[in-house]
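See structure below.
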Amino acid sequence: AVLVGVMSPIQATINAMVSQPYGSPLLAATLCQDIELMLLIPLAYALYTSRTAARAAGCESDGVDPMLSTWMFAGGPLGGFYVVSLTMLRTMLAVEVTFVAVNLGQLLAATGMDQIGFAGLKKRPLTRRRALAIFVNVVACVVLQIQVTGGSEDKGDFTPIRDKSSRD
């Protein structure tokens, strides 16, 4: 999980760098996601096309799982929105501010999902420990944002996409 967390700011920064020459975070995210898709399609094909693998996974002979509902495919558009949003946010905010805020959003969503038992998951009440984690993230967002926009600093804490002093 930590490694996945490490990859997110790297991906968002690379996408933001790609967006600069095109002037479009949407185009940059699309290009980068297309490359991801070109890598995933052959991998998925290799891993899941055999009828034996489909049967072993409990799927019907055509490889379609009857337990899947149409709404479950919303993960694709949500993932695309996530990548485009991170690309755009990364061009506007410091890396730390972006990802502490993203983490806060994830904690809030996960807490809400647990509260209502989203998609048949077991309901889990909000505990003091989980509430404290949310509060700490709120404080981190505020502290990081104050540091970025505060006082006499010349926004020295903002992480630009490229360091202006190291241009070729």
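The values are calculated or read from the model by the stated rules, or taken from the named source; none is laboratory data. These figures come from a predicted structure and were not determined experimentally. With ideal geometry, Cβ positions are generated from the backbone for all residues, glycine too; neighbour counts draw on all protein chains shown. Surface accessibility is based on the protein's heavy atoms, side chains included, excluding ligands, DNA and RNA. Shrake-Rupley method; radii C 1.70, N 1.55, O 1.52, S 1.80 Å.
Scanning segment 110-123 for residues that are open to solvent by 50 Å² or more (accessible area, probe 1.4 Å), part of a helix (DSSP H, G or I) and within 22 Å of residue 73 (Cα to Cα) gives 113, 116, 118, 119, 120. Figure legend. Inter-residue proximity from segment 1-25: first residues surrounded by 15 or more Cβ atoms within 10 Å (Cβ to Cβ), second residues acidic (Asp, Glu) and part of a helix (DSSP H, G or I), beta-carbon distance below 9 Å, spacing 6+ or different chains. Indicated pairs: 9/96.
Restricted to segment 73-92, and to residues there that are touching a residue at least 40 places away in the same chain (Cβ under 8 Å) and of a type in the set (A, V, I, L, M, F, W, C), the residue that is most open to solvent (accessible area, probe 1.4 Å) is 88. Can you tell me which residue is farthest from residue 96 (Cα to Cα) among those in segment 126-140 that are touching a helix residue (DSSP H, G or I) at 6+ places or on another chain (Cβ under 7 Å) and without any contact (Cβ under 8 Å) to a residue 24 or more places away in the chain? Top of the filtered list is 126.
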